[in-house]
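The values are calculated or read from the model by the stated rules, or taken from the named source; none is laboratory data. If you're wondering where the values come from, they're calculated on a predicted model, not measured in any experiment. Neighbour counts are summed over all protein chains in view; Cβ atoms, including those assigned to glycine, are modelled from backbone coordinates with ideal geometry. The accessibility values were calculated without ligands, DNA or RNA, using every heavy atom of the protein model including side chains. Shrake-Rupley method; radii C 1.70, N 1.55, O 1.52, S 1.80 Å.
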There are 2 protein chains.
Amino acid sequence: MPPINYPNGKKQAVPVKKGAPNAKNTISYGNRGMTLEEDLNKSNEYYLETGRAVIHKKPTPVQIVNVEYPKRSAAVIKEAYFKLASTTDYNGVYRGRYIDFEAKESKNKTSFPLRNFHEHQIQHMEAIMNHGGISFVILRFSMLNEIYLLDASHLISFWNEQQSGRKSIPKKDIETLGSLVPPGFIPRIDYLKVIDKMYFKQ
Amino acid sequence: MPPINYPNGKKQAVPVKKGAPNAKNTISYGNRGMTLEEDLNKSNEYYLETGRAVIHKKPTPVQIVNVEYPKRSAAVIKEAYFKLASTTDYNGVYRGRYIDFEAKESKNKTSFPLRNFHEHQIQHMEAIMNHGGISFVILRFSMLNEIYLLDASHLISFWNEQQSGRKSIPKKDIETLGSLVPPGFIPRIDYLKVIDKMYFKQ
């Protein structure tokens with residue numbers, strides 16, 4: 001088995017078990033496309049190292065069922081399941097304010113499907129706003145390579161209008177209500193620059 | 001191989017071969033005692049439901065190596081490892097401020113061992129303070145059933161004094177520099193009341 005590239009960008013050797021079943025349904029988690037996540041993690045690392053902000057991605061919520069403790073080596077989780085996140089993926093502190101956001105990408109070109117979010121997250125964002133936190137979503141149109149930052153209040157409005165039948169946010173509304181995050185090199189996604197303009201009026 | 005009954009009548013474990021599935025070392029993760037964590041989770045749930053604050057425990061950081069996708073059922077993580085947390089376990093927003101803390105318990109009665117924390121967490125707390133967040137630790141003396149809230153600045157001072165040989169924080173210093181969190185029923189650990197006094201001067 002070749003080394004897997006993990007989201008932190010570091011290669012890590014995979015401990016290969018003797019006699020491990022090479023089942024067809026066994027696929028490597030590390031090979032999942034995670035471009036937006038990787039770019040945001042890199043950007044957050046840069047913000048941390050340069051003292052701009054402290055913002056981290058939360059670990060993937062996992063329900064651990066069974067753990068083995070082999071002698072002289074690290075504990076191995078042998079059975080676990082993915083859990084639905086009850087909050088957003090990213091949070092932290094910037095300029096004294098609580099920052100909280102979710103990041104999603106879509107291959108759609110004209111609108112962003114609301115199925116990328118779920119009820120718990122919407123409720124979470126609403127609560128964050130009520131407590132004076134800054135809450136938003138980072139939306140990437142992957143086919144266009146355009147990234148927008150949209151305040152949670154707008155997402156919540158579109159979410160609540162779903163009953164009327166529209167299951168996505170039209171791109172033109174995202175352009176009008178949100179802000180384009182220009183692509184960069186270091187950091188790759190300089191969303192704090194957009195936050196400065198949107199939430200700190202400068 | 002079944003356990004062998006030796007002539008003295010006592011059952012004795014069979015030496016386990018390397019690489020063999022080791023049933024003895026397989027323990028259920030759910031059986032670990034997590035009183036402080038459970039009490040804090042319950043308290044945070046209460047705060048969330050009553051609209052007091054939005055504070056969550058972060059998921060346990062796990063390095064996922066292999067996932068199976070059985071047909072017609074949920075994905076199963078078949079191999080994963082615990083990772084050292086680079087941040088603290090709890091964060092969120094309260095009264096517009098970013099809140100960030102770690103919670104630990106010790107069976108010691110006269111001091112709290114610093115080995116409960118690690119360098120990354122100390123650096124994280126320092127960064128949080130620099131960015132205007134509220135950072136602290138909740139320390140439980142489990143044998144005495146006493147819980148204290150101690151601002152991160154004090155923990156960091158003791159951490160940095162470790163070179164002088166003292167590897168723990170004397171309880172009397174925690175009593176003087178920190179605040180006792182009185183035990184309660186709902187919520188079980190009403191630490192926001194202490195935060196009001198310590199950080200909001202009321």
(message) Of the conditions (1) touching a strand residue (DSSP E or B) at 6+ places or on another chain (Cβ under 9 Å); (2) at pLDDT 95 or above; (3) surrounded by fewer than 20 Cβ atoms within 10 Å (Cβ to Cβ), A:VAL137 satisfies every one except a single condition; which number is it?
(response) (3)
(message) Being of a type outside the set (Asp, Glu) and not in a strand (DSSP E or B) narrows it down to one residue among B:SER73, B:SER135; which is it?
(response) B:SER73
(request) Of the numbered conditions (1) at the interface with another protein chain (Cβ under 7 Å from one of its Cβ atoms); (2) surrounded by fewer than 20 Cβ atoms within 10 Å (Cβ to Cβ), B:THR87 fails exactly one; give the number of that condition. (result) (2)
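Mind listing whichever residues of the range A:42-62 are assigned to a strand (DSSP E or B) and either in contact with a Pro (Cβ under 6 Å, 6 or more places away or on another chain) or facing chain B (nearest Cβ under 7 Å) (or both)? Give the derivation first.
If we filter the range A:42-62 for residues that are assigned to a strand (DSSP E or B), which is where we start, we get A:54-57, A:62.
Within the range A:42-62, A:VAL54, A:HIS56, A:VAL62 meet the criteria.
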(request) Scan the range B:99-115 and give yes if some residue there is open to solvent by 10 Å² or more (accessible area, probe 1.4 Å), modelled with pLDDT of 95 or more and at positive phi, otherwise no. (result) no
(request) Collect the residues in the range B:162-174 that are free of Cβ contacts under 8 Å to residues at least 60 places away in the same chain and open to solvent by less than 90 Å² (accessible area, probe 1.4 Å), keeping them in residue-number order. (result) B:GLN162, B:GLY165, B:ILE169, B:ASP173
(message) Exactly one of these conditions fails for A:THR60: (1) at pLDDT 95 or above; (2) open to solvent by 20 Å² or more (accessible area, probe 1.4 Å); (3) closer than 16 Å to B:HIS56 by Cα; (4) of a type in the set (Val, Ile, Thr). Give me its number.
(response) (1)
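Matching residues to (1) of a type outside the set (D, E, K, R); (2) farther than 21 Å from B:LEU36 by Cα:
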residue: B:ARG95; (1), (2): no, yes
residue: B:ALA103; (1), (2): yes, no
residue: B:ASN108; (1), (2): yes, no
residue: B:GLN121; (1), (2): yes, no
residue: B:HIS131; (1), (2): yes, yes
residue: B:VAL137; (1), (2): yes, no
residue: B:ILE147; (1), (2): yes, no
